[in-house]
Amino acid sequence: MPKKKIKIRRVTKKNSSILSRLHPLKALFAVVILSAFGIALFAGMNANNNKSVLGATTILPTACSGSGSSGGYCFYNSGGGCGNLKLSGHSGSCSSVGSNYVCCTPSCTVGNYGCSTGGNLQECTGAAWTLITTCTKTQTCKSVNSSYNCYNNPTPTPKPICTAGNYQCSGSKLQKCNTTGSAWTTTKTCTSTQTCKSVNSSYNCYNNPTPTPKKTPTPTPKPSITPTPKKITLKAPTNLKTTTSCWGDDTSGMKFTWNKVSGATGYNFFSKIGPYSNYTSEFTYAITGAALPKLNVMNSLPPNQTVYWYVNAVDKNSGSVSPNSVIASKKAVVCKILPAKFNLSSSSHDCPLARGVELPYPRITLTWDVSVGKDYYILHWKYSNSSYRNIQINDYPNSYQFNPDENKKGTKISWYVTASNKDGSTNSSDPKKVGTVTVPSCN
């Protein structure tokens, strides 16, 4: 801070007449005493005023004395009156100094420093404050250790932008807050198959889920307009034939045939039993003219009855129907029903016991399957190198026991069975046709 320039006026003889009369040592002592008195008086009156800049030298004026002055100080007037005053450095009364000194009341303590309302350094240079230094943007006007000046502002501590140790995602980058909380640091960059995100409050690079294939919507087919088939003309079936061997067993019955009609997809078959019953119908796809299977309506056909029937051709696509064929007829022939086929079952031999004692003659037991439709069985059996003996069995449905001769021990017996009824007979159909059994030896 530059020191205050003090304008010092030479003391005239008039002003120094008293001091000049004193001994030089006494005069010097008087000046010191008067200066100390003035400084103490001014400091006591301004104890609460601003303090000066550190290291500055302040020369305080003396209080006004003389005509027209009270409560002020003696200043050197440079031409502007009390508005432009400078320190006089004079320790006497203003009137004793000369016409250029005036007695004024200042608005501040002359020589002190302070800060303006705008934050700049100012000095009390007379009756008012004067700006002497403009603080920069990085400075602040303030008092430090009782010294006013423009001091550099301390470097501000940056506010933390994050909490130390926390994580976040920045696009595909995983970032961690540094220890001071002043910046985010990238710790990992996610791959193209990963996404940086928080899962259960934990940030990381997580693998992307396998994308669900997009379902291609099945286009709704436009409703097709099926053209109505054109009606066709069908001819009536011809050449109707009925074939039959006999009626009454499971392997025979009536069959019906006719010629194939061009354009037909099937036929309506009409039939009845006897001249006075009603026709029943059945649809068939037998378009080749092959024989129809035996119809259900024939199952209860009584003997010697006549079957009447006719057909017409049908086109299922157009709904066309031909005229009916001529009516054909055939008398049913009842078949002979023989006993059903059957097989030999088993043969065995043993020695009977009587009161716990084995008898001296053996016993033979023969069995076979039941033949449906039989009225009785005939058992045919013989010893080796002899003729068959026939035994009609009425009481036992499908078994027989007998005692061979005692002298035939060890001889082989051959046998078979015939099932008979009024229409005929059926022999047993064992794969060997004939069964065999050996006569045992008994005590």
*Sites residue 394 and residue 414, calculated FRET efficiency, Cβ-Cβ separation with R0 25 Å, nearest 0.05*: 0.65
_Heavy-atom SASA rank of 411, 185 (probe 1.4 Å, accessible area, largest first)_ = 185, 411
_If R₀ is 45 angstrom, what is the calculated FRET efficiency for the pair residue 153 and residue 187, using the beta carbon separation as r and rounding to 0.05?_
0.80
*Give me the percent of the accessible area of region 123-171 that comes from carbon and sulfur atoms, probe 1.4 Å, all protein chains in place.*
52 percent
_Solvent-accessible area, 1.4 Å probe, carbon plus sulfur percent, for region 335-438_ = 46 percent
*Debye, to nearest 20: dipole size of region 317-438, +1 on Lys, Arg Cβ, -1 on Asp, Glu Cβ*: 380 debye
*Taking R0 as 60 Å, what's the FRET efficiency between residue 343 and residue 218 from their Cβ-Cβ distance, rounded to 0.05?*
0.45
*asked:* So, for region 309-443, what is the accessible surface per residue at a probe of 1.4 Å, expressed in square angstrom?
replied: 57 Å²
*In µm²/s, what is D for region 143-251 at 20 °C and 1.002 mPa s, where D = kT/(6 pi eta Rh) by Stokes-Einstein and Rh is the Kirkwood radius from Cα pairs?*
88 µm²/s
*asked:* For region 129-252, what does the accessible surface come to per residue with a 1.4 Å probe? Please give it in Å².
replied: 80 Å²
*Along Cα→Cβ, 7 Å out, is where each label goes; now give me the distance between the ones at residue 232 and residue 140 in nm to one decimal.*
11.1 nm
*Output the peptides 375-385, 397-407, 205-215 sorted from most to least packed, where packing is the average of other Cβ atoms within 10 Å over each peptide's residues.*
375-385, 397-407, 205-215
*Amide H of residue 128: which non-local residues (sequence gap of 5 or more, or other chain) have their own amide H closer than 5 Å, using H built in the peptide plane?*
107
*asked:* With the cut-off at 28 Å, tell me which of the pairs 260/336; 188/214; 272/374; 341/408; 235/272 have Cα atoms farther apart than that.
replied: 260/336; 188/214; 272/374; 341/408
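The values are calculated or read from the model by the stated rules, or taken from the named source; none is laboratory data. Quick caveat, the model's predicted, so the values are computed rather than measured. Cβ sites come from the backbone with ideal geometry, for glycine too, and all protein chains shown count toward neighbours. For accessibility, only protein heavy atoms count, side chains too; no ligands or nucleic acids. Shrake-Rupley method; radii C 1.70, N 1.55, O 1.52, S 1.80 Å.
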